[in-house]
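One structure coming up, written as structure tokens, with questions to follow.
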There are 2 protein chains.
Amino acid sequence: MTLKEVVLGIDIGGTSTVAGYVDRNGACIIEDLIPTLAHQPADQFFQRLHTFAKQLLEKLGGGYSLRGIGIGAPNANYYKGTIESPPNLSWDYVDVKKSMAKYYTVPVALTNDANAAALGEMMFGAAKGMKDFIVITLGTGVGSGVVANGKLIYGADGFAGELGHTIYDSNGRICGCGRKGCLEAYASASGIKRTVFELMAKSNETSELRDVSFHQMTAKMIFEAALRGDVIAKNAFEVTGKILGMKLADSVAHTSPEAIILFGGLAQAGDLIIEPTKRSMEEALLNIFQNKVKIIPSAMPEGNSAVLGAAALIWNELK
Amino acid sequence: MTLKEVVLGIDIGGTSTVAGYVDRNGACIIEDLIPTLAHQPADQFFQRLHTFAKQLLEKLGGGYSLRGIGIGAPNANYYKGTIESPPNLSWDYVDVKKSMAKYYTVPVALTNDANAAALGEMMFGAAKGMKDFIVITLGTGVGSGVVANGKLIYGADGFAGELGHTIYDSNGRICGCGRKGCLEAYASASGIKRTVFELMAKSNETSELRDVSFHQMTAKMIFEAALRGDVIAKNAFEVTGKILGMKLADSVAHTSPEAIILFGGLAQAGDLIIEPTKRSMEEALLNIFQNKVKIIPSAMPEGNSAVLGAAALIWNELK
């Protein structure tokens, strides 16, 4: 009997870690999650992760051969195989490749979740066949993966693709990174919430969002209010798209992508975010780039996208 | 007798066109120029260019074998082998590869002058051995060539690397491209002149530059005044570096280069421009990128840099 080749894809998050087995065609055969328990030492985490991944494979009842392990994690360094000072995790510096080598002999590769998403889109999603594109993840933060000449750009240090920390307004909002005016402070889930509060302060427009506290408000509430025609909520998407589009025009001037793919929480708002982003980007583009660059939503299966992206790290290298 | 292999490097400019023969080690064996006469039809130009290049080769007295022709030109498209709506040239659309094929059977490649400069630095200059770097040309305009994973980024359409047209201030100066606030309107030779005029308007500081008209003033005059301690001139370099550094921080967030190489007229001011650029970039960088990215001057022989860059287009492909 020939064994079916699979890659273990792992997405390490601040709260939970998802793992799953993915075949060469991007089918996620099985997937489940464990709590990350990020306050515990990293060693314990990797031990639990291994036990969990082994049990997951056993559930499949044999017939599979593991080709490698791809990991998406915050502040992951592709070159060094490490996680360095990750936000939301108490681990200061973890040699992930070394930790995994205690349990596995197959190749292990890791990168941040946005880079993994870009590889996922390239192998299994909206960027199939593209050689030049950018994935922007609009979630708790704003991440990005930049692909040029068919290869993900890791840069000299392994940390390339931090478009969320390009500057929109150097006198603007304080960002989670401590600086002022990063794109992330505007185009993330918390960014659009901040925009709603700014708009509620500026205008007298009635809005259902005026009954919700800052702590309670979520991007999902803003999305649903916008669908119901709430003017403040709709304007918040308009403002977010305007700012995102302006900064994307700068990105186009760097790598001239065929498409920019929006991925993650806020991107699920579809045309509410894509339409103003596209309009603003076109206005801000140098003439030679106008009407060329598509802005499209992710085409990864929603539930498995993180694991597929992580697995794509290995499948891309085995290609 | 074995023939020595050479590449013909050509740099097409608005006023004159330089051509020279370059060996594999980046030695420019012979180089000369002809007027471009950009008001004449392109066909006539390519005929004159061919005659000129043939005579140049004959001057060497034999012993050389031509491996290819590399061309740097404004708005040149690498993929299509064309020049499209070039500024300062009356040719609307020229199929350069086809025009050259009338006279030559060797491979012909072309790209814009900034991309050619980047390849030149990679093969023969300051970026030898680097896989991730950016070249910024600070001349009449601001151009750029971005290299990642050891390859120049042409992008989906062949026009990638227009960092001069990323936006510094969307309500700022009118740029030559018709839009507002492009980096080029601040960090080019005419940009620093505009800054001098802004500073002269704002302050009462005495300055030798107050005796020079806008039309007469050159970046070289500003440089020389700065060397003599002129406060307005020195401040103009400070302001230029501050703006350039801020925008370069955004570029670092895209591709995380090992170095950024400053090339062309304004870059010859050395530390006067490099020091404030570096300081401003470091201030604007996300923490993970701080103290990693070198800003260095071009290391191409000044007189031959355009021809070497153009020749590098071919030598890079023969590598």
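The values are calculated or read from the model by the stated rules, or taken from the named source; none is laboratory data. The shown structure was predicted, so the numbers you read here are calculated from the model rather than taken from an experiment. Reconstructed Cβ throughout: ideal geometry from the backbone, glycine too, with neighbour counts over all protein chains shown. When the accessible area is computed, the model is the full protein with side chains, heavy atoms only, and any ligands, DNA or RNA have been set aside. Shrake-Rupley method; radii C 1.70, N 1.55, O 1.52, S 1.80 Å.
Return yes when B:Gly245 is more than 14 Å from every other protein chain (Cβ to nearest Cβ) and either of a type in the set (Lys, Arg) or open to solvent by less than 10 Å² (accessible area, probe 1.4 Å) (or both) and no when it is not.
It is false that B:Gly245 is more than 14 Å from every other protein chain (Cβ to nearest Cβ) and either of a type in the set (Lys, Arg) or open to solvent by less than 10 Å² (accessible area, probe 1.4 Å) (or both).
Additional query: Looking only at segment B:130-149, filter to residues that are among the polar types (S, T, N, Q) and buried (at least 24 other Cβ atoms within 10 Å of the Cβ); which one of those is farthest from the other protein chains (Cβ to nearest Cβ)?
Checked segment B:130-149; the qualifying residue farthest from the other protein chains (Cβ to nearest Cβ) is B:Thr137.
Specify the residue that is nearest to the other protein chains (Cβ to nearest Cβ); the eligible residues are those in segment B:250-265 that are touching a strand residue (DSSP E or B) at 6+ places or on another chain (Cβ under 7 Å) and of a type in the set (A, V, I, L, M).
Applying the filter and picking the extreme gives B:Ala259.
Within segment B:69-78, track down each residue that is aliphatic (A, V, I, L, M) and either within 14 Å of chain A (Cβ to nearest Cβ) or in a loop (DSSP other than H, G, I, E, B) (or both).
B:Ala73, B:Ala76
Every residue, every condition in (1) in a helix (DSSP H, G or I); (2) touching a Pro at 6+ places or on another chain (Cβ under 9 Å); (3) aliphatic (A, V, I, L, M); (4) closer than 22 Å to B:Met123 by Cβ, yes or no:
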{"position": "B:Phe46", "(1), (2), (3), (4)": "yes, no, no, no"}
{"position": "B:His50", "(1), (2), (3), (4)": "yes, no, no, no"}
{"position": "B:Ala53", "(1), (2), (3), (4)": "yes, no, yes, yes"}
{"position": "B:Leu57", "(1), (2), (3), (4)": "yes, no, yes, yes"}
{"position": "B:Arg67", "(1), (2), (3), (4)": "no, yes, no, yes"}
{"position": "B:Lys80", "(1), (2), (3), (4)": "no, no, no, no"}
{"position": "B:Leu89", "(1), (2), (3), (4)": "no, yes, yes, no"}
{"position": "B:Val94", "(1), (2), (3), (4)": "no, yes, yes, no"}
{"position": "B:Met100", "(1), (2), (3), (4)": "yes, no, yes, yes"}
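Listed here are the residues, each with its yes/no results for (1) more than 18 Å from A:Ser251 (Cα to Cα); (2) not in a helix (DSSP H, G or I).
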residue	(1), (2)
B:Ala233	yes, no
B:Ala236	yes, no
B:Gly241	yes, no
B:Gly245	no, no
B:Leu262	yes, yes
B:Glu282	yes, no
B:Asn291	yes, yes
B:Met300	yes, yes
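Taking the residues in segment A:273-285 that are of a type in the set (D, E, K, R) and within 13 Å of chain B (Cβ to nearest Cβ) as candidates, determine which candidate is most open to solvent (accessible area, probe 1.4 Å).
Taking the candidates together, the pick is A:Glu283.
Quick check, is A:Phe289 open to solvent by 10 Å² or more (accessible area, probe 1.4 Å) and either in contact with a Ser or Thr (Cβ under 6 Å, 6 or more places away or on another chain) or within 14 Å of chain B (Cβ to nearest Cβ) (or both)?
Here the answer is no, as A:Phe289 does not meet what is asked.
Does A:Asn171 meet the test of being under 20 Å from A:Gly245 (Cα atoms), out of contact with any Phe, Trp or Tyr (no Cβ under 9 Å at 6 or more places or on another chain) and not in a helix (DSSP H, G or I)?
In short, yes.
Quick one: in segment A:220-230, of everything that is assigned to a helix (DSSP H, G or I) and either among the acidic types (Asp, Glu) or closer than 10 Å to A:Val196 by Cα (or both), which residue is farthest from the chain's Cα centre (by Cα)?
Checking each candidate, the answer is A:Glu224.
Restricting attention to segment B:72-129, which residues are open to solvent by 10 Å² or more (accessible area, probe 1.4 Å) and hydroxyl-bearing (Ser, Thr, Tyr)?
Result: B:Tyr78, B:Tyr79, B:Ser85, B:Ser90, B:Tyr93, B:Ser99, B:Tyr103, B:Tyr104, B:Thr105.
Within the group B:Leu152, B:Leu163, which residue is more than 22 Å from B:Lys278 (Cβ to Cβ), facing another protein chain (nearest Cβ under 10 Å) and open to solvent by less than 20 Å² (accessible area, probe 1.4 Å)?
After applying the criteria, what remains is B:Leu152.
On the phi > 0 side of the Ramachandran plot and away from chain B (no Cβ under 14 Å): does that describe A:Gly270?
Spelling it out, A:Gly270 is indeed on the phi > 0 side of the Ramachandran plot and away from chain B (no Cβ under 14 Å).
Can you find, within segment B:79-129, the residue that is farthest from B:Thr36 (Cα to Cα) among those that are among the aromatic types (Phe, Trp, Tyr) and away from chain A (no Cβ under 12 Å)?
B:Phe124
Matching residues to (1) under 20 Å from B:Ala73 (Cβ atoms); (2) touching a Ser or Thr at 6+ places or on another chain (Cβ under 9 Å); (3) of a type outside the set (S, T, N, Q); (4) part of a helix (DSSP H, G or I):
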{"site": "B:Ala117", "(1), (2), (3), (4)": "yes, yes, yes, yes"}
{"site": "B:Gly120", "(1), (2), (3), (4)": "yes, yes, yes, yes"}
{"site": "B:Lys128", "(1), (2), (3), (4)": "no, no, yes, no"}
{"site": "B:Asp157", "(1), (2), (3), (4)": "yes, yes, yes, no"}
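Further question on the same structure: Of the conditions (1) under 29 Å from B:Ile83 (Cα atoms); (2) within 14 Å of chain A (Cβ to nearest Cβ); (3) modelled with pLDDT of 95 or more, B:Gly172 fails just one. Which one is it?
The single condition B:Gly172 does not satisfy is (1).
Mind checking which residues of segment A:51-71 are without any contact (Cβ under 8 Å) to a residue 60 or more places away in the chain and crowded, with 19+ Cβ neighbours inside 10 Å?
A:Ala53
For every residue, the table says whether it meets (1) closer than 16 Å to B:Leu285 by Cα; (2) in contact with an Asp or Glu (Cβ under 7 Å, 6 or more places away or on another chain); (3) within 14 Å of another protein chain (Cβ to nearest Cβ); (4) exposed (fewer than 14 other Cβ atoms within 10 Å of the Cβ).
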site: A:Ile167; (1), (2), (3), (4): yes, yes, yes, no
site: A:Lys180; (1), (2), (3), (4): yes, no, yes, no
site: A:Leu183; (1), (2), (3), (4): yes, no, yes, no
site: A:Ile192; (1), (2), (3), (4): no, no, no, no
site: A:Lys202; (1), (2), (3), (4): no, no, no, yes
site: A:Thr206; (1), (2), (3), (4): no, no, no, yes
site: A:Asp211; (1), (2), (3), (4): no, no, no, yes
site: A:His215; (1), (2), (3), (4): no, no, no, yes
site: A:Arg228; (1), (2), (3), (4): no, no, no, yes
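Tell me the residue from A:Ile10, A:Ile34 that is farther than 26 Å from A:Asp157 by Cβ and hydrophobic (A, V, I, L, M, F, W, C), please.
Every option except A:Ile34 fails the conditions.
I need the full set of residues from segment A:3-39 which are free of Cβ contacts under 8 Å to residues at least 12 places away in the same chain and either farther than 26 Å from A:Lys128 by Cβ or open to solvent by less than 10 Å² (accessible area, probe 1.4 Å) (or both), in order please.
Scanning segment A:3-39 gives a single hit, A:Leu37.
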